[in-house]
Amino acid sequence: MKKRICGIALFVMTLALCGIAHAMPELKAMPTPPDTLVLWVMDQDINAGAALQKLMKKYTRQSGTPVKIRFVDWGVAFAELNKVLVTEAGPGTDFPDVLQLGSSWVPYFAKAGMINPVTELLDAVDTSRFYPEAMKSGHIGRDTLVYSIPWFLDIRGFFANERIWLELGLHDSEIETYPQFFGVLRAISEAKVTNRQDVEVVPFEFGVKDDWTGYQQMSPFLWNYGGDFVAEVDSGYRSALADPLTLVGLCFYLKLLRDHDVSPYNLKENSAQSADRFVRSEQLMIFGTSELIRKIEFDTEMGGLRDSPLAKDGLITVTGPKGPYGNFSFVGGSHLTLPKNSNPIKHAKARDLFLFMLRADNIDFYSRQCGFIPPDKSLIRIWMQDPRYNHLIDGLENHGRSSQNIPEWSEIEMTVNSMVSAIASTLLKQDSSVNEEIASHVFDAHQKINGILGYKDPETESAVKHRILAALETPVEETKYEKGFGSVSVQPEFSLRLIVVISLGAVAVVLLLVFSIRRFRKR
């Protein structure tokens, strides 16, 4: 009887629970309150996110308006924004009121009508604070209408491990040209330089496998030899990838990719893996961004690298090699924009947040946390008090150059990156027909860029292919580094300290003996 009662009770409880489960509403994210501003930014790292949260709390205290931040992954941001920005902002949605865009993306979204012009806000922002090259991306081509304002700059330059660089006795003047640069890298490779952990040091790496920085790495090579990815013509733009001067720069870039002695992991890894090796002090030089300087000052829990071998060795910037047309620095970064289809009721408040984020004090605060250089000239004067920024800022002010500010650039950038990945795969095979295959990859990218730009090339296919192949088969100059290094091992830190202690001890003993002899003579 007890079993029957228990069974009936269990059955009733089961029915009740099923009913509750059936009646329970579907869990959904809480809608955004109507008075809350929504800020969309790209996910930088832990410290940058925390800094932005602090900045938005400051804004809320001052304005009384709450801000909700949505962090978007860089890898999916372009596709996601294309979907979201064409829709209308409904009540309580997470549609962005203020939006971060990669600088090279601005012309695309402006042309597509997804972001509003900010021309009426220019006086309040005072754009004279910003460098013209940084402001360029806020326009479409030569049009004067402004759609965005720079938030921070991504300036690429050459970084070196300070300890190893000084141990080797290197100077900027020894890598002033590309042939000299190649010669120094070769000498380091042949010397089998090792770090404090007795691990052999790689001279230099780009890391190009399936990487999104391919066009950034390649840009200075092309520019320094007088080339470019696209060129302006009367009817618009055309591909410049197969131009004679571009091909010279491309061959100097490919020399680094081809050389397994100087850059043994170039084709097998991406730029993030190369950066990791540099942080472990297993690589002498890297073509990186300014955030490295700040990262080695922050603890690990803040996304920093204070405990890394690189932080112990020290980090310096050096002047990269130049070509016959100059020594250009790649300038990228992020801009702030106002989406067109955001809630019109919040437009005034969105403009207020936009202006707040572009105030010099707020730009400085955020830049110092994320590590990227501020676009404000007055702030840069302060940053230059740290000598590690000197080469980067000199590059920005005197040789800074950014990608073409045209709507088609995003697609062109992806085409160039795909070309670099295809070339890397070809070089890994090491076939006898490697030049023919690379020439085919370059030609395909050249044709695709012309297709993107709507340009009909008057040259024949055979003429273009012949020019590309001829350039690839031309030897690239390399200057032998006469000073040499021999067989070098960077001394462990404890050994240096021991040498100092022994030296001081020896001096003390000598002084003691001299003092004792004098006392003895006086007696």
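The values are calculated or read from the model by the stated rules, or taken from the named source; none is laboratory data. None of these values were measured; they are calculated from a predicted model. Neighbour counts run over all protein chains shown; Cβ positions are idealised from the backbone, glycine included.
Annotations for the structure displayed:
- Filter result (within 16 Å of PHE229 (Cα to Cα), free of Cβ contacts under 8 Å to residues at least 40 places away in the same chain and buried (at least 19 other Cβ atoms within 10 Å of the Cβ)) within region 415-440: THR415, ALA439
- Checked against the criteria, SER103 counts as polar (S, T, N, Q), within 26 Å of GLY400 (Cα to Cα) and either within 23 Å of the chain's Cα centre (by Cα) or assigned by TED's automatic domain parsing to the domain that holds ILE373 (or both).
- PHE354 being buried (at least 19 other Cβ atoms within 10 Å of the Cβ) and over 19 Å from the mean Cα position of the chain (by Cα): yes
- Single residue of region 194-216 satisfying the filter (of a type in the set (Asp, Glu) and assigned to a loop (DSSP other than H, G, I, E, B)) that is farthest from the chain's Cα centre (by Cα): ASP198
- Among the residues of region 441-466, just one is without any contact (Cβ under 8 Å) to a residue 24 or more places away in the chain and within 19 Å of LEU257 (Cα to Cα), namely HIS441.
- Within region 110-123, residues that are farther than 10 Å from ILE149 by Cα have Cβ atoms under 6 Å from residues that are surrounded by 20 or more Cβ atoms within 10 Å (Cβ to Cβ) and of a type in the set (S, T, N, Q) in these pairs: ILE115/THR337, counting only partners at least 6 apart in sequence or on another chain.
- Qualifying residue in region 357-376 (condition: more than 18 Å from the chain's Cα centre (by Cα), part of a strand (DSSP E or B) and either at negative phi or among the charged types (D, E, K, R) (or both)): yes
- Residue ranges of helices (runs of 4 or more DSSP H) in region 88-182 with at least 2 members at pLDDT 95 or above and crowded, with 18+ Cβ neighbours inside 10 Å: 106-111, 162-167
- Residue identified as among the small types (Gly, Ala, Ser) and more than 23 Å from VAL318 (Cα to Cα) among GLY207, GLY214, GLY227, GLY249: GLY227
- Residue among LYS340, LYS322 that is closer than 28 Å to PHE109 by Cβ and either out of contact with any Ser or Thr (no Cβ under 8 Å at 6 or more places or on another chain) or of a type outside the set (A, V, I, L, M) (or both): LYS340
- Any hit, region 218-225, residues being crowded, with 21+ Cβ neighbours inside 10 Å, without any contact (Cβ under 8 Å) to a residue 60 or more places away in the chain and not in a strand (DSSP E or B): yes
- Applying the condition of being crowded, with 21+ Cβ neighbours inside 10 Å and of a type in the set (Val, Ile, Thr) to region 192-212 and asking which residue is nearest to ALA422 (Cα to Cα) yields VAL208.
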